[in-house]
Amino acid sequence: MKMEELKQKILKEGMAKDSDILVVNSFLNQQVDTKLMENIGKEFAAYFKDKGVTKILTAESSGIAPALMTAANLGVNCIFARKQKSLTTDDNSYVSTVYSFTKQEMKNLIVEKSFLNEDDKILIIDDFLANGQASKAMIALCNQAGADVVGIGIVIEKSFQEGRKILEEMGYDVYSLARISKLEEGKIEFLD
Ligand code: 5GP
């Protein structure tokens, strides 16, 4: 366990909905605890500081808070992939598709081409790691741009799912701040 403050917060306010889903709406997925998020940003920045990160990439909406705090600490910009096209989105975009774990449907992730370049070294940040599909879709966006992915930072990893294994087999350094080994209704257990 790398971040005791986060672990305590999960134990105090997190709610295991069933054996698959952890609800943390009070500090990450709806209300955001700014002090905790600041410390999360510091922790990711310290771990990835020597990787030459030029930009952070995340997906809207729950990845934005930890991604932004990390970006601020590293002194770089933060890009969030949008899930829907809007009138303000440029047609000239990279698009990849992802199966959403929580929404149980296919979603697009969209980033304007001008924000991702082949000389970029990208740090991917996300709120949760389950089966690794969101991270894989963000890696695909970077691949389309020819940008390097230098690491993946995850706030809460559900270690009983496949995500870490999949991403490590692809060769990526995955750094998770809390690793959950087991969820049961009303019960949360950590790996370390
Ligand atoms: P993956 O793509 O790794 O299968 O799932 C990761 C994405 O699904 C995250 O971006 C997160 O939004 C969502 N997610 C997966 N599992 C959980 C969970 O237990 N709780 C919450 N709040 N979100 C989750």
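The values are calculated or read from the model by the stated rules, or taken from the named source; none is laboratory data. Note that the structure is predicted; figures quoted are calculated from it, not measured. Backbone-built Cβ (ideal geometry, glycine too); neighbour counts: all protein chains shown. Protein only, heavy atoms only, side chains kept; ligands, DNA and RNA dropped before computing areas. Shrake-Rupley method; radii C 1.70, N 1.55, O 1.52, S 1.80 Å.
What does the convex hull of the Cα atoms of region 20-71 come to per residue, in Å³, rounded to a whole number?
88 Å³
Project the alpha carbons of the chain onto their principal axes and report the range along each, largest first, in whole Å.
Per principal axis, max minus min of the Cα coordinates gives 46, 36, 33 Å.
Among T54, I125, N29, whose Cα projects farthest towards the positive end of the dipole of the chain, with charges put on the beta-carbon of Lys, Arg (+1) and Asp, Glu (-1)?
N29
Taking H as built 1.01 Å from N, whose amide H comes closer than 5 Å to the amide H of F190, not counting residues under 5 places away?
Under 5 Å from the amide H of F190 lie the amide H atoms of S181, each far enough along the sequence or on another chain.
Got a sec? What order do F160, F128, F115 fall in by accessible area at 1.4 Å, biggest, i.e. largest, first?
F115, F160, F128
Which value at 222 nm does the chain reach when only helices count, each DSSP H run of 4 or more adding -39,500 (n - 2.57), with the total divided by all residues and rounded to the nearest 500 deg cm²/dmol?
Helix contribution divided over all residues of the chain: -9000 deg cm²/dmol.
Under 18 Å from a point placed 7 Å out from the Cα of E184 along the Cα-to-Cβ direction: which residues of region 121-164 have their backbone N that close?
The answer is 159-161.
For C78, C142, what's the largest-to-smallest order of accessible area, 1.4 Å probe?
Numbers: C78 40, C142 0 Å².
Correct descending sequence by accessible area is C78, C142.
Mind checking the dipole of the chain: about its Cα centre, +1 per Lys or Arg Cβ, -1 per Asp or Glu Cβ, Debye to the nearest 20?
Value, rounded to 20: 200 debye.
Would you mind checking the pairs K49/K121; K9/K55; K35/K158; K83/K136; K83/K182; K51/K136 and listing those with alpha carbons more than 18 angstrom apart?
Pairs exceeding the cut-off: K9/K55; K35/K158; K83/K182; K51/K136.
Looking at the square roots a ≥ b ≥ c of the eigenvalues of the Cα gyration tensor of region 1-114, which shape do they give, rounded for a/c under 1.5, prolate if a/b is larger than b/c, or oblate? Mind dumping the intermediate values first?
Details: a/c = 2.29, a/b = 1.22, b/c = 1.88.
Since a/c reaches 1.5 but b/c is at least a/b, the shape of region 1-114 is classed as oblate.
For the chain, what are the DSSP H helices with axial Cα length of 27 Å or more and mean Kyte-Doolittle hydropathy of at least 0.5?
What comes out of the filter, once short or polar helices are dropped, is none.
Among I152, F190, L109, whose Cα projects farthest towards the positive end of the dipole of region 108-192, with charges put on the beta-carbon of Lys, Arg (+1) and Asp, Glu (-1)?
Ranked along the dipole, the leading option is F190.
How big is the Rg/Rh ratio for region 80-134, C-alpha atoms only, Rh by Kirkwood, two decimals?
On the way: Rg = 12.4 Å, Rh = 12.6 Å.
On the Cα set of region 80-134, Rg over Rh gives 0.98.
Among DSSP beta bridges whose residues both lie in region 1-143, state the antiparallel percentage, nearest 5.
The antiparallel fraction comes to roughly 60 percent.
Can you sort T97, T89 by 1.4 Å-probe accessible area, starting with the largest?
T97, T89
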